[in-house]
1. Kindly indicate the residue of the range 189-216 that is without any contact (Cβ under 8 Å) to a residue 60 or more places away in the chain and closer than 20 Å to Asn282 by Cβ and also farthest from the chain's Cα centre (by Cα) among those meeting that condition.
2. How about the range 38-56: which of its residues are part of a helix (DSSP H, G or I) and of a type in the set (Lys, Arg)?
3. If you scan the range 276-306, which residues turn out to be more than 25 Å from the chain's Cα centre (by Cα), assigned to a loop (DSSP other than H, G, I, E, B) and without any contact (Cβ under 8 Å) to a residue 60 or more places away in the chain?
4. With the condition kept exactly as written, say whether any residue in the range 258-271 is small (Gly, Ala, Ser) and either under 18 Å from Arg80 (Cβ atoms) or in a strand (DSSP E or B) (or both).
5. Any chance you could count how many residues in the range 57-80 are closer than 21 Å to Arg127 by Cβ, more than 13 Å from the ligand (Cβ to nearest atom) and either at pLDDT below 95 or not in a loop (DSSP other than H, G, I, E, B) (or both)?
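The values are calculated or read from the model by the stated rules, or taken from the named source; none is laboratory data. Here the structure is a predicted model, which is why all the values come from computation and not from measurement. Please note: Cβ atoms are built from the backbone with ideal geometry, for glycine as well, and neighbour counts cover all protein chains shown.
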Amino acid sequence: MVNHTICGLKLSTKDLHPSRGRDKLLEIYPFNLSNREARVPTIDENKKNWEDYHWDTHGDIWSEGWGTVDMQWYGTLLPRLHQFVPAGTILEIAPGYGRWTHYLQNLGDSIIIVDLVQKCIEYCQERFRESKNISYHVNDGKSLAMIPNGSVDLIFSFDSLVHVEEDVIQNYIGEFARVLKPGGYGFIHHSNLGEYADYFKFVDKLAFAHDALYRLRLIDHYKHWRASSMTADKFDRFASEAGLQVLTQEKINWGRSLLIDCISTFTTKNAPHARTRRVIANPHFRRESDYLRDLSGAYQLTDKQK
Ligand SMILES: C[S@@+](CC[C@H](N)C(=O)[O-])C[C@H]1O[C@@H](n2cnc3c(N)ncnc32)[C@H](O)[C@@H]1O
């Protein structure tokens, strides 16, 4: 067993096994997460963070909990998204280096990608240069002025907007309502950390003993740089105020058991498939990724992970 020191914590290879979601995260984030978590994820902080990020694996390393990017897409994302694709025009918010654009490009006649960071968009332009159906935009982190009213069939974002606070989400939702065609859909992964505000108020006071209590599995103090002001209920309220109807909200765990994330799907009000929202608490999301990682290990054709 090899010992490592990461972010000031002494960890063994046993601790770094992918099935331990949080510890895996310690391995793949190259900077001091505790300092980073002390910062509020504003648009400026996001811009700086993702401009400075090394992007060595183009973001693929964030799929290691699933074994491969393919497994995360086919095993976790597509089963939740399949009813909405293929779609005419797909808008992806915050694609980074195109981890999901790679799949979306084959599911729409036209794909629009919008990111806050120039180098992400430049990388995608190079990566997808053979694809003639993708258009590329850098934005201010909250508005979509470059997209005409009522022109989009599906809006998608995963593993990005968890880091943006309620003001940004509210602004984006207003824009989603404007750019969606009547009867279009949205699939947005966002933070639900605000639901645990009281828990974190208490746990933050135990900073002197965080590591020990965490190892004893008595607390989970890691916020994974989630936006503390966002909740599933706020997403529903902002959507309703903007003229959208939330369909499903799946609250999921990221790290251990706290449901600090949420996937919200929505359509336009009075759309044929508009219905009362369904809210699901899923504390087994990490178990799902563990299962898929084991499957991907068992069935992969070569020793090299894709
Ligand atoms: C963790 S990366 C994820 C990228 C991609 N979704 C993936 O899963 O590989 C976060 C991305 O979100 C972008 N981002 C952060 N805040 C944003 C905002 N307010 N508007 C648009 N893009 C944003 C960053 O520039 C970065 O490319």
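1. The selected residue is Tyr199.
2. Correct list: Lys47, Lys48.
3. Hits for the range 276-306 are Leu301, Thr302, Asp303, Lys304.
4. Taking the range 258-271 and keeping what is small (Gly, Ala, Ser), we get 264, 271.
Then keep just the ones that are either under 18 Å from Arg80 (Cβ atoms) or in a strand (DSSP E or B) (or both); that gives 264.
Yes; the residues of the range 258-271 include at least one that is small (Gly, Ala, Ser) and either under 18 Å from Arg80 (Cβ atoms) or in a strand (DSSP E or B) (or both).
5. 4
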